[in-house]
Amino acid sequence: MNFFPSLLNALPGALAQGLIWGLMAIGVYITFRILDVADLTVDGSLATGGAVAVMLIRAGLNAWAALLCAFLAGMLAGFVTGLFHTRIMGSMAIQAVGVDKYDLLVSQRYVRSVSLDNPLPLLVVFTVVLIAVLYWFFGTEKGCSLRATGANPNMARAQGINTNANVVLGLMVSN
């Protein structure tokens with residue numbers, strides 16, 4: 001019996017969220033369908049714009065001015081992505097590299113064969129070396145501070161660890 005009143009009370013909030021997510025969908029539509037660029041920067045820039053707006057509103061800025069700044073932050077993210085695409089990728093999100101034309105380290109063509117061209121042993125060695133390097137890194141002082149930042153940022157700050165720098169470093173390592 002309480003279902004319908006609850007549903008009617010929830011509809012305006014759901015509609016508002018749907019309209020906001022619809023704006024993001026328009027941005028994805030522009031990149032995928034209109035520009036034919038496989039890029040999801042709009043997904044991240046929506047959250048970036050939201051973070052900019054929240055922090056500026058909390059700092060006392062007018063909500064409309066904060067919204068304008070959030071819009072500009074999103075445009076800046078798109079600008080940087082656009083520079084990456086046009087300068088690095090040559091205006092194409094997909095660049096074909098075939099095993100017939102280029103000497104590749106790994107090709108699925110040779111995975112099933114038992115030969116020296118099979119990339120699986122190389123992949124196993126690379127993975128083991130990467131895990132060993134990361135194991136060593138997370139045992140160093142910087143690696144321990146990175147783990148401490150993830151485990152308990154308040155305690156890490158109390159120990160004199162720059163958690164902001166560690167978050168950036170962690171994102172760099174993960175990417």
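Heavy-atom accessible surface of the chain, averaged per residue, reaches 79 Å², computed with a 1.4 Å probe.
Taking a 1.4 Å probe, which of Val125, Val80 shows the most accessible area, and what order do the others take after it?
On the way: Val125 90, Val80 60 Å².
From most exposed to least exposed: Val125, Val80.
Computed on the chain, with alpha-carbon pairs under 8 angstrom and 6+ residues apart, the relative contact order is 10 percent. Between the entries [x] 39; [y] 67; [z] 43, the label attached to percent of Cα pairs over 24 Å apart calculated for this structure is [y].
Where does helix 141-151 land angle-wise versus the long Cα axis of the chain, in degrees 0 to 90, nearest 10? The two axes meet at around 40 degrees.
Probe radius 1.4 Å, ligands and nucleic acids left out: which of Leu116, Leu15 has the largest accessible area, and how do the rest follow?
Working: Leu116 180, Leu15 110 Å².
I get Leu116, Leu15, largest accessible area first.
Our helix-only sum for the chain, with -39,500 (n - 2.57) per DSSP H run of n ≥ 4 divided by its residues, gives a mean residue ellipticity at 222 nm of -22000 deg cm²/dmol.
Met172 contributes an accessible area of around 130 Å² to the protein surface, as traced by a 1.4 Å probe with all chains present.
Quick one: ranking Ser45, Ser6, Ser113 by accessible area, 1.4 Å probe, largest first, what do you get?
Ser6, Ser113, Ser45
Apolar share of the accessible surface for the chain: 70 percent from carbon plus sulfur atoms, 1.4 Å probe. Close amide H contacts of Asn152 (hydrogens built in the peptide plane, cut-off under 5 Å, sequence separation of 5 or more or a different chain): none are found.
Considering only Val125, Asn2, Ala151, and ranking their Cα positions along the charge dipole of the chain that arises from unit charges at the beta-carbon of Lys, Arg, Asp and Glu, the one farthest toward the positive end is Ala151.
Counting heavy atoms of the protein chains alone, Leu40 has an accessible area of about 110 Å² for a 1.4 Å probe. Couplings 3J(HN,Hα) of segment 9-21, computed from phi: 6, 7, 4, x, x, 5, 5, 4, 5, x, 5, 5, 5 Hz, in residue order, whole Hz [Karplus 6.51 cos²θ - 1.76 cosθ + 1.60, θ = phi - 60°; x for Gly and Pro]. Once backbone amide H atoms are built at 1.01 Å from N, Asn162 has no partners under 5 Å, excluding neighbours fewer than 5 places away on the same chain.
Taking the C-alpha atoms only, the angle from helix 163-174 to the longest principal axis of the chain is near 50 degrees.
One Cα centroid belongs to segment 1-58, the other to segment 151-175; the line between them spans 29 Å.
The values are calculated or read from the model by the stated rules, or taken from the named source; none is laboratory data. As the structure is a prediction and not an experimental result, all values here were calculated from the model. A quick note on method: Cβ atoms are made from the backbone with ideal geometry, for glycine too, and the neighbour counts reach across all protein chains shown. The accessibility values were calculated without ligands, DNA or RNA, using every heavy atom of the protein model including side chains. Shrake-Rupley method; radii C 1.70, N 1.55, O 1.52, S 1.80 Å.
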